[in-house]
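Enquirer: Following this message is one structure expressed as structure tokens.
No value in this document is a laboratory result; all are computed from the given coordinates. Remember, predicted model here, so these are calculated numbers, not experimental data. Here Cβ is always computed from backbone atoms with ideal geometry, including for glycine, and neighbour counts include all displayed protein chains.
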Amino acid sequence: MALSLVSGLAAKRRAMSAVQTFGFKPAAANVISQFFQDLAQTFGNPNLQIVEFVAASTTDAVVADVACKLYGVVFKGGATARDIRWADHATAADSPTVTFPIAVAQQGELLFNGGTAYGTGLTFDESGAAGASGFFIIGAA
């Protein structure tokens, strides 16, 4: 599965749509809008992909099965506090590179202006139907 990159502007529109779909607070929309503006000014509007995840006992959900850069994770906690985990791996998140705890109904953005490289791929794990929902912002390695 190759990355399905679109222009930075199209990715911003998709991200803003996801913000509305998941019911994020207006502050999240402001932060994400500013993030895309900074990306365009600093890195010349890189091509990106928005990959959504929903609270549905997601185990080893492949975000990208090829090398990529992670530009951000935007999340909204569910009815139960959970960890979200992701790994530099094309098929499994068994040995997570990052583990991030999310409280009940917590909203947040982890944004990396220059992107963080994942050499093998990016796999996500959030084990719990009442856990977090949101989206990843990824780009080419």
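Enquirer: What is the residue count in segment 68-88 for residues that are within 27 Å of Val104 (Cα to Cα) and in a strand (DSSP E or B)?
Expert: Here the count works out to 13.
Conditions tested, residue by residue: (1) buried (at least 16 other Cβ atoms within 10 Å of the Cβ); (2) under 12 Å from the mean Cα position of the chain (by Cα); (3) over 25 Å from Arg13 (Cβ atoms).
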{"residue": "Gln49", "(1), (2), (3)": "yes, yes, no"}
{"residue": "Val74", "(1), (2), (3)": "yes, yes, no"}
{"residue": "Asp88", "(1), (2), (3)": "yes, no, yes"}
{"residue": "Asn113", "(1), (2), (3)": "no, no, no"}
{"residue": "Phe124", "(1), (2), (3)": "yes, yes, no"}
{"residue": "Ala132", "(1), (2), (3)": "yes, yes, no"}
{"residue": "Phe135", "(1), (2), (3)": "yes, yes, no"}
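Enquirer: Hey, another quick one. Could you please give the count of residues in segment 21-67 that are hydrophobic (A, V, I, L, M, F, W, C), in a strand (DSSP E or B) and closer than 18 Å to Gly139 by Cβ?
Expert: Qualifying residue count, segment 21-67: 7.
Enquirer: Mind checking which residues of segment 82-123 are of a type in the set (Asp, Glu), without any contact (Cβ under 8 Å) to a residue 40 or more places away in the chain and in contact with a Phe, Trp or Tyr (Cβ under 8 Å, 6 or more places away or on another chain)?
Expert: Asp88
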